[in-house]
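Chemist: Pasting a structure below so you can have a look.
Just so you know, all these numbers are worked out from the coordinates, no wet-lab data involved. Because the structure is a prediction, the values reported are computed rather than measured. Here the Cβ positions follow ideal geometry from the backbone for every residue, glycine too, while neighbour counts run over all protein chains shown.
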Amino acid sequence: MKLKARFIYRIPKESSLTVNSGFCIGTKEGFKIFDSQSGRLCYERAIGAFSIVEMLFSSSLLSIVGAGEQPSLSPRRLCLFNTITGTALKELNFLTSILAVRVNKKRLVVLLQDKTYIYDLNSLVILDTIDTVLNTKGLCAFSPNMDGCYLALPASTTKGSVLVYNVMELNPHCEIDAHRSPLAVIVLSSNGMYMATASEQGTIIRVHLVSQATESYSFRRGTYQSTIYSLSFGPSLQLPDILVATSSSGSVHVFSLASIINQRSKRSSTLLGSMFPDTVNDALEPSHHHVLHNAVPTGVKSYAMIRGVEKSSEESSMSQAATLRASISIITYSGYFLEYSLGINHINEPSWTLEREFNLLTVLKEDVTNAN
C-alpha cells in the first residue's frame, strides 16, 4: 500500500541541536500521527483516503486534503481539522486539485498547479495570490521561522530556477538559478537561511545562501542519473552541520557542511586550490560525502529527516569516538519507518547503525513496537 508522509517538527527557542519531532501519514483508510522519538502511534482516524496531512508543529491542528476516492473527500477541498475534538474547524474549496499545503502559526499556504494562495491562519483571509509556472508535482519548500519565513517555488519549467517569496512581508525576495535542468526537490533550513536543491538529473546537489541569493556549496551525489526523493538539513539554528538526501537508488547520502568549511580554509592557502572556484572544488572533493547503500529498497520513494545532531567537545576530538553523531529517520512510501544512527570520527570515517524499524500500517495505537 502506498502512503503519503510528512515529518512535522518544532525547533526549541534555545540553541539546541535536538528536534522534538513527529510525523503524519495519509493512507487509503485515513491518517495517523506518530511520535518520532518513541515510535508511538499518537492519533489515528479511519474516514477515507487522504493525499495530504499537514500538522501545525506539535499542535492539534491538521490541514487535510482527500485523495478523491470518496465523494466527501475531494482533492479540491482543504479541511482544517482539530484532533482533540475530532471536528472540522473550517473548509476551503478550490477550482483544481490541491498539490501541497504548508502552515505555521500565522500563515497557511496552499499550492495548486499554477497558483499559490497565502492566507492569514487565524482569519483565513487571502493575503496574496502568486501566479506560478506549471507545477504539477507541487514542489515547494517552506521555512516556518518568523524571522526568515520564506516559501520557495519553481520559477521555470525548462531549468532549475527558484522563486523565493517572503511569506510574512508578502513580497518576492529573490530568484535563484540553481540548475540547468528542471527541479526535483527544494528544501529550506529551519531558520530560512539556506536552501538546498536538486534537479531531475540528480547528480549534483547545491546549497544556496538565501539572503544573498548565491550558491554557497555544491555536492556530487553520483555520476549516473538518479531521482532525488528528499533533502533535509540538520536542525542547527545557524549553518546546519549536515544535509541528508534519499534517492531512487535506495541509498542515503549525507553531506558535511562543516567539513567543507574546513577544507575551503585549507585550500585557500595553496596555489592550485586558489585557481578553482569553491563550488568546483566542493563537487570534486569526496571527503564530505558519506553513503549508506541499500538503506531502503531500490525505487521505493522515501523521505528522510535529521532529528538530532550531537558533537563532541574539542578535548575528545582526537579519540576514536565519533566527533559527530546524527539521528536520521526515514519513512518509505511502502509503509516502513527506519531510524539510523550515523557516527563520524575525527578522521572522517562513518559508521551506520539501524536502531529500529517497524511497519507504520500495522502498528496499533496502544503498541510501542520497537520503540526502545
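Chemist: In which sequence would V291, V210 go, from the one with the fewest C-beta neighbours within 10 Å to the one with the most?
Modeler: Numbers: V291 16, V210 24.
Ordered by Cβ neighbours within 10 Å, fewest first: V291, V210.
Chemist: Please order R40, R221 by the number of other Cβ within 10 Å, starting at the fewest.
Modeler: R40, R221
Chemist: Separate question: Using θ = phi - 60° and the Karplus curve 6.51 cos²θ - 1.76 cosθ + 1.60, what whole-Hz ³J(HN,Hα) does each residue of segment 217-229 get, with Gly and Pro shown as x?
Modeler: 9, 10, 10, 9, 6, x, 8, 8, 4, 8, 7, 7, 8
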